[in-house]
Amino acid sequence: MSQYILRRLLIAVPSLLGISLVLFVVLALAPGDPFSELATNPNVPPEVALALRAKFGLDDPIYLRYLHWLNAMLHGDWGFSFVSRMNVDTLILQRLPATLYVIGSAQILALLIAIPVGVYAATKPYSLFDQIANTLAFIGFSLPTFFTGILFILIFSVTLDWLPFVYTTDIKGTGIHWVLEMIRQAIMPVAVLGLFQAASMTRFVRSAMLDVIRLDYVTTARAKGLGQAKVIVKHVMRNAMIPVVTLIALQMPAVFGGAIVTEQIFRIPGIGSLLISSILSNDTPVVMAVTFVFACLVVLFNLIADVLYGWLDPRISLR
């Protein structure tokens, strides 16, 4: 298993290098730069603006700027935010916990809904429960997260006044009160993301279970007298989860994309909202760093999925 993980890590390195190169070139070719406002600011002398551009190498060829950025990244220097006036790594570390908290909770919620519902629907195909689950799943992944988020705000915040619609990290109080307030304000954004992911996962779990449940070895297990629950849990679910793990790993970019929209709706101070504000202010170092962090997280989740393949099917780790 260790050699298997090492091979996957070696594959991830060139993937990240290629992603970073594409991101850097796209941002370098995009109109505007962090010092574009200095050219129109009468209070900044032209020689000062030129000196700043030369200091940060904004007029160098793209390949030189990329090599300088890559060398700085390898030495732990992620750049400097011209808008926030602080190091980019410090800025991201301040915002990352909120994003991971919301995304992680949403994924857990999606799995807790999708796996039991999808498994039970597959064991009772075309039943009333299966039809209701399929209908709700179709509705769930047909509605975009921004629509569901606004709908939740109108119902649970404006009309019922049950939940706050603005997420804040500056909660008054300590102990259990602080924990309850954190949970309370995270309910709506986590539900918006989690239900959206659960809808598509439910359909996929059901389909994967139906493909496996009809195989001959399952019929043999039943013929030996094994109970339905043991056949489903021990013999069907483990093999059916392999394509589900693939789906979860491949959906991570969509999860992060949905998190960006959700953070804007609920004013969550995460890296998604940081990315939007940095794009609007042409804060290129922050945009580059945040998009690269998203790419690293996606590659990480794909690596975790590869490791889970080896656990679900031990034959994979020997290939």
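One residue alone among Ala122, Ala137, Ala114 is more than 24 Å from the chain's Cα centre (by Cα) and small (Gly, Ala, Ser), and that residue is Ala122. Among the residues of region 56-89 satisfying the criterion of being small (Gly, Ala, Ser) and free of Cβ contacts under 8 Å to residues at least 40 places away in the same chain, which is least open to solvent (accessible area, probe 1.4 Å)? Applying the filter and picking the extreme gives Gly57.
Can you go through Asn302, Asn239 and tell me which one is under 18 Å from the mean Cα position of the chain (by Cα) and either modelled with pLDDT of 85 or more or open to solvent by 30 Å² or more (accessible area, probe 1.4 Å) (or both)? Walk me through it before giving the result.
Values: Asn239 fails: under 18 Å from the mean Cα position of the chain (by Cα).
It is Asn302.
Checking each residue of region 158-179 against the condition of being surrounded by 14 or more Cβ atoms within 10 Å (Cβ to Cβ), touching a residue at least 12 places away in the same chain (Cβ under 8 Å) and either assigned to a helix (DSSP H, G or I) or among the charged types (D, E, K, R) (or both) gives no match.
Taking region 22-45, which residues are exposed (fewer than 14 other Cβ atoms within 10 Å of the Cβ) and at pLDDT 70 or above? Hits for region 22-45 are Val22, Val26, Leu29, Ala30, Pro31, Pro45. Would you confirm, using the coordinates I've provided, whether Leu308 is open to solvent by 30 Å² or more (accessible area, probe 1.4 Å), touching a residue at least 12 places away in the same chain (Cβ under 8 Å) and within 26 Å of the chain's Cα centre (by Cα)? Considered against the rule, which asks whether it is open to solvent by 30 Å² or more (accessible area, probe 1.4 Å), touching a residue at least 12 places away in the same chain (Cβ under 8 Å) and within 26 Å of the chain's Cα centre (by Cα), Leu308 comes out as yes. The lone criterion from (1) at pLDDT 85 or above; (2) crowded, with 19+ Cβ neighbours inside 10 Å left unmet by Leu210 is number (2).
Here are some residues: Ile113, Ile132, Ile92. Which one is β-branched (Val, Ile, Thr), closer than 14 Å to Ala191 by Cα and surrounded by 12 or more Cβ atoms within 10 Å (Cβ to Cβ)?
Numbers: Ile132 fails: closer than 14 Å to Ala191 by Cα; Ile92 fails: closer than 14 Å to Ala191 by Cα.
Only one candidate passes the filter, namely Ile113.
When Ala191, Ala254, Ala229 are screened for being open to solvent by less than 50 Å² (accessible area, probe 1.4 Å), small (Gly, Ala, Ser) and out of contact with any Asp or Glu (no Cβ under 6 Å at 6 or more places or on another chain), only Ala191 passes. Total residues in region 120-176 satisfying the condition of being of a type in the set (Asp, Glu) and out of contact with any helix residue (DSSP H, G or I) (no Cβ under 8 Å at 6 or more places or on another chain): the figure is 2.
Inside region 50-98, residues that are of a type outside the set (Val, Ile, Thr), assigned to a helix (DSSP H, G or I) and within 23 Å of the chain's Cα centre (by Cα) make up a count of 9. With respect to (1) modelled with pLDDT of 85 or more; (2) of a type in the set (Val, Ile, Thr); (3) not in a helix (DSSP H, G or I), the lone exception for Ile155 is condition (3).
Every test in (1) of a type in the set (Gly, Ala, Ser); (2) out of contact with any Leu (no Cβ under 8 Å at 6 or more places or on another chain); (3) surrounded by 22 or more Cβ atoms within 10 Å (Cβ to Cβ) is passed by Ala259 save one, and that test is (2).
The values are calculated or read from the model by the stated rules, or taken from the named source; none is laboratory data. Fair warning: this is a prediction, and the values are worked out from it, not measured in the lab. Positions of Cβ are generated from backbone atoms using ideal geometry, with glycine treated the same way; all protein chains shown enter the neighbour counts. Quick note on the areas: whole protein, heavy atoms, side chains included, nothing else; ligands and nucleic acids left out. Shrake-Rupley method; radii C 1.70, N 1.55, O 1.52, S 1.80 Å.
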